[in-house]
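Structure first, commentary second.
The values are calculated or read from the model by the stated rules, or taken from the named source; none is laboratory data. Note that the coordinates shown come from a computational prediction; the quantities given were computed from them, not determined experimentally. A quick note on method: Cβ atoms are made from the backbone with ideal geometry, for glycine too, and the neighbour counts reach across all protein chains shown.
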């Protein structure tokens, strides 16, 4: 077995970690160092939530990493998420196995008894690696897809949708227009987004991401209050779409959701139009998204727009 050292990640490891992470993320745009460090900072998670990152060091350089974290967004206690990455040049040398064994001991040390992970179906060796260690597929998967913004199909139910809804009393504002200091309205938006997300098919019941974590995330690297659009009926928020920048000309549709009482009126389509208009004006050529394979309503909206499928991310689980 390759002689390696496993230790806690530090800031000096981050450029090498980012290379490993972005190498495995094709065809998605690369993450920036600033974004990675925001995600890795425990201060940006709920207080007390476990988040640990350990690296495998070979010849003084990080060649592999694992991340293990509380699934604080799920109702079920003692549940963790985990992922392992090893640079392509150093695979099949036992490094992934060493990282896995170390990760498992850390989960047990935090009294975890269930671990979830998502693995791209294109990474067949990684799927088999997890199966060999007792992970099983849950039947859930995220259908990843990509839209060429310039080729978006707005001829099928999108033309004039914003104007029609505005005539019906539904108004659209960015989070910037709402104001980051307007806490009562922001809390109402956060609550609406959480309730709408509870209808997404899932292996577990969702918990709300704490408001303070969500509020901080809105201004995190790649994000901005100008990149979140909210539909209002009077003072009531009834829909939301949030886009994150990634790379020179890419973006991720992080979430689109509509209040249950307002579905079927075209609000999600109108929010998509707002996202596309902003993307064209701000140099975003590609928008990436992921949808649960059983979320037929949102999948249909994206297919109509022209999103093209990418390999699915398969959910796997292990009970300890």
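Here is how the numbers come out for the structure above:
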| item | result |
| --- | --- |
| Within region 148-158, tally of residues that are loosely packed, with under 12 Cβ neighbours inside 10 Å and out of contact with any helix residue (DSSP H, G or I) (no Cβ under 9 Å at 6 or more places or on another chain) | 2 |
| Residue 310 modelled with pLDDT under 90 and either crowded, with 17+ Cβ neighbours inside 10 Å or touching a helix residue (DSSP H, G or I) at 6+ places or on another chain (Cβ under 7 Å) (or both) | no |
| Given (1) without any contact (Cβ under 8 Å) to a residue 40 or more places away in the chain; (2) over 20 Å from residue 10 (Cα atoms); (3) in a strand (DSSP E or B), number of the condition residue 116 does not satisfy | (1) |
| Count of region 1-24 residues which are touching a residue at least 60 places away in the same chain (Cβ under 8 Å) and either not assigned by TED's automatic domain parsing to the domain that holds residue 57 or not in a helix (DSSP H, G or I) (or both) | 4 |
| From 163, 111, 105, residue being at positive phi and at pLDDT 95 or above | 111 |
| Counted residues, region 143-188 - those being under 22 Å from residue 280 (Cα atoms) and not in a helix (DSSP H, G or I) | 18 |
| Residue within region 120-127 that is in the same structural domain as residue 275 (by TED's automatic domain parsing), over 21 Å from the mean Cα position of the chain (by Cα) and under 30 Å from residue 303 (Cβ atoms) present | no |
| Tally, over region 132-184, of residues that are over 30 Å from residue 113 (Cα atoms) and in contact with a strand residue (DSSP E or B) (Cβ under 7 Å, 6 or more places away or on another chain) | 14 |
| Members of region 25-38 found to be in a helix (DSSP H, G or I) and out of contact with any strand residue (DSSP E or B) (no Cβ under 9 Å at 6 or more places or on another chain), listed by number | 33, 34, 36, 37, 38 |
| Residue that is surrounded by the most Cβ atoms within 10 Å (Cβ to Cβ), among those in region 278-299 that are part of a helix (DSSP H, G or I) and touching a strand residue (DSSP E or B) at 6+ places or on another chain (Cβ under 9 Å) | 279 |
| Strands (runs of 3 or more DSSP E) contained entirely in region 198-277, each with at least 1 residues that are at pLDDT below 95 | 236-246, 250-258 |
| Given (1) touching a residue at least 40 places away in the same chain (Cβ under 8 Å); (2) surrounded by fewer than 16 Cβ atoms within 10 Å (Cβ to Cβ); (3) at positive phi, number of the condition residue 266 does not satisfy | (2) |
| Search result, residues across region 19-38 that are under 17 Å from the mean Cα position of the chain (by Cα), closer than 24 Å to residue 143 by Cα and surrounded by fewer than 16 Cβ atoms within 10 Å (Cβ to Cβ) | 25, 26, 27 |
| Given (1) under 21 Å from residue 122 (Cβ atoms); (2) part of a strand (DSSP E or B), index of the condition residue 311 fails | (2) |
| Residue check for residue 16: within 17 Å of residue 95 (Cα to Cα), exposed (fewer than 15 other Cβ atoms within 10 Å of the Cβ) and in contact with a strand residue (DSSP E or B) (Cβ under 9 Å, 6 or more places away or on another chain) | no |
